[in-house]
1. Quick one: divide the alpha-carbon radius of gyration of the chain by 2.2 N^0.38 Å and tell me what you get.
2. Given +1 on the Cβ of Lys and Arg, -1 on the Cβ of Asp and Glu, and no further charges, what dipole in debye does region 41-126 carry about its Cα centre, rounded to the nearest 20?
3. Once you place label points 7 Å from the Cα toward the Cβ at Glu44 and Thr134, how far apart are they in nm?
4. Given points 7 Å out from each Cα along the Cα-Cβ axis, report the Leu127 to Leu35 separation in nanometres with one decimal.
5. Let me spell out the model: positive unit charges on the Cβ of Lys and Arg, negative unit charges on the Cβ of Asp and Glu, origin at the Cα centre of region 32-88. What dipole size does that give, in debye rounded to 20?
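Derivation of every value follows stated rules applied to the coordinates shown; laboratory data play no part. Treat the numbers as computed from the prediction; the structure is a model and nothing was measured. Note that we place each Cβ from the backbone using ideal geometry, even for glycine, and neighbour counts take in every protein chain shown.
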Amino acid sequence: MSKSHISTHLRQQVAEQSRDRCCYCQSQQRYIGILLTVEHIIPESLGGTTTLDNLCLACWDCNLIKGNRIAAIEPNTGTTVRLFHPNKQKWSEHFCWSDDGIYMIGITPIGRATVVALKLNRPVLLLHARRFWTEVGWHPPR
Ligand SMILES: [Zn+2]
């Protein structure tokens, strides 16, 4: 979690850069009902700076689950890989949605490790919410 103060201006820049959605689970700000957090991609405890390139929007759950990690286990090989970096890597190169839009699928080692580590298919909230959002045409985000 962030300890540094984030100015309103910086928050606006981060929100724009993150396209007003959680950079991990892709939940969109306008549908979730609570304010997304500003998350340090490289945690401050590991030397990450409070600058636009190291900040992204994240929902509370993704932020908490990620904690101060920057790496995770790739489930197919058991090797440790870096977590997805929302500002340096392209979402669509590491993830895709299942045909019904409900499940996020990792398509690279980084994608697979990030889906597992951040529990990006959390049943209680994400799957139920995505099912509803898909029904009303709000999901997946374009
Ligand atoms: Zn999230």
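1. Ratio of Cα Rg to 2.2 N^0.38 Å: 1.01.
2. 160 debye
3. Each label point is offset 7 Å from its Cα along the Cβ direction, giving 3.9 nm.
4. Spacing of the two 7 Å Cα→Cβ label points: 3.2 nm.
5. Roughly 100 debye, rounded to the nearest 20.
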